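The values are calculated or read from the model by the stated rules, or taken from the named source; none is laboratory data. Computed from a prediction, not measured in an experiment: that's the story for all the values here. Counting neighbours? That spans all protein chains shown, and the Cβs are built from the backbone with ideal geometry, glycine included.
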Amino acid sequence: MSTVTRTWLAFAALGTGMIHLALVISSPLPIAAVLLLLGVVEFGWGVMTFMRERIAYPRWVLFGALLPILLWGLLTAAATALQAPTVASSLGLTALGLATLLELFVAVVLAVQLRRGVDFSAPSRMPSAGRYLTGLLIGGIAVAALTTPALAATEAGVYAQPHGEHSDSFVPRVGTTDTSVLDLPEHPGH
Amino acid sequence: MSSSPNRLLGVVFGAVYVLVGLLGFTVTAGVGFIDTSGGLLLGLFEVNILHNVAHLLIGAALLIAGLSSVPAARSLNTTVGAVYLVLGIVGLFLVGSTFNILAINAADNVLHFASAAVLLAVGLGADKSARARA
């Protein structure tokens, strides 16, 4: 496996790990616990993969990449069957959809390499410095372009940004009945 | 230097960020030092004066470390990468808020995350056999 490919897999793992972690605060406790575990493992694996020369236990990594997709599917199916849609809808579509793309990328690359009989015990091949950096730059931009909007679409991202560009003094707070902010000043002539 | 990915990355990223910092001043005429909205570089990336200064300083640091030695380049790439990762996360919270003293927008966040990824990957992963060699 090329070092560039291995690094792309690490980028994807970092991205999907961060997305899962960003979903923790907006999810019901059991789902939040699973997301926290997934996020920490994925992020940690990504950083570790930067540092190591090879990918250990590729079949387990392949399974790990598909596991979040499987769990999301099962949760949605269960929520539908039990007619409790809010259980799965708290997760939203955008963030996990983009995380799924990253996970599928990892799964497909590993599956193809396993099928080709690549020797995972051998250290990854390092190309020339220029090609290595170009490959990393392309991969970094691609993963960041997917991860950033996914993070912004999570509750953490939504809470972080005030809705629209209005200042707080104009928009009445949700749940209040105080509309004094909408009162116009007195004007003569009527 | 061309055989060390860390030194090459330090020099290239450093030079690019210095250039970006200088170009930033061409779009921030009339923008305050810590204004929460600023000018758009390349029509995409929002910057204010503080943001330009930060780019210049980070670029200079990366450039100097890249020109110096492999250990210096590795350390600084890793450190700046970690800082950019934190900035990317914090940036999600800063966009549109009154604390956005760097005038960060969504495109800036993508670039910061991408830079963090590349800097960390190279800083942590490359030149491992050249620990003490310059």
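If you take the residues in the range A:150-160 that are at pLDDT below 85 and at the interface with chain B (Cβ under 8 Å from one of its Cβ atoms), which one is nearest to B:Leu111 (Cα to Cα)? Among those that are at pLDDT below 85 and at the interface with chain B (Cβ under 8 Å from one of its Cβ atoms), it is A:Gly157.
Suppose we filter B:Val95, B:Val118, B:Val86 for residues that are within 25 Å of B:Val11 (Cβ to Cβ), surrounded by fewer than 24 Cβ atoms within 10 Å (Cβ to Cβ) and either within 14 Å of another protein chain (Cβ to nearest Cβ) or of a type in the set (Phe, Trp, Tyr) (or both); which single one remains?
Testing whether each residue is within 25 Å of B:Val11 (Cβ to Cβ), surrounded by fewer than 24 Cβ atoms within 10 Å (Cβ to Cβ) and either within 14 Å of another protein chain (Cβ to nearest Cβ) or of a type in the set (Phe, Trp, Tyr) (or both) leaves just B:Val86.
Counting only helices (runs of 4 or more DSSP H) wholly contained in the range A:32-149, the ones carrying 2 or more residues that are more than 14 Å from chain B (Cβ to nearest Cβ), touching a residue at least 40 places away in the same chain (Cβ under 8 Å) and more than 29 Å from B:Gly88 (Cα to Cα) occupy A:58-81, A:94-115.
This table checks each residue for (1) farther than 25 Å from A:Ile138 by Cα; (2) hydrophobic (A, V, I, L, M, F, W, C); (3) at pLDDT 95 or above.
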| position | (1), (2), (3) |
| --- | --- |
| B:Gly91 | no, no, no |
| B:Gly96 | yes, no, no |
| B:Phe99 | yes, yes, no |
| B:Asn109 | no, no, no |
| B:Ala132 | yes, yes, no |
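Return yes when B:Leu76 is surrounded by 21 or more Cβ atoms within 10 Å (Cβ to Cβ) and under 14 Å from the mean Cα position of the chain (by Cα) and no when it is not. For B:Leu76, the condition - surrounded by 21 or more Cβ atoms within 10 Å (Cβ to Cβ) and under 14 Å from the mean Cα position of the chain (by Cα) - is met.
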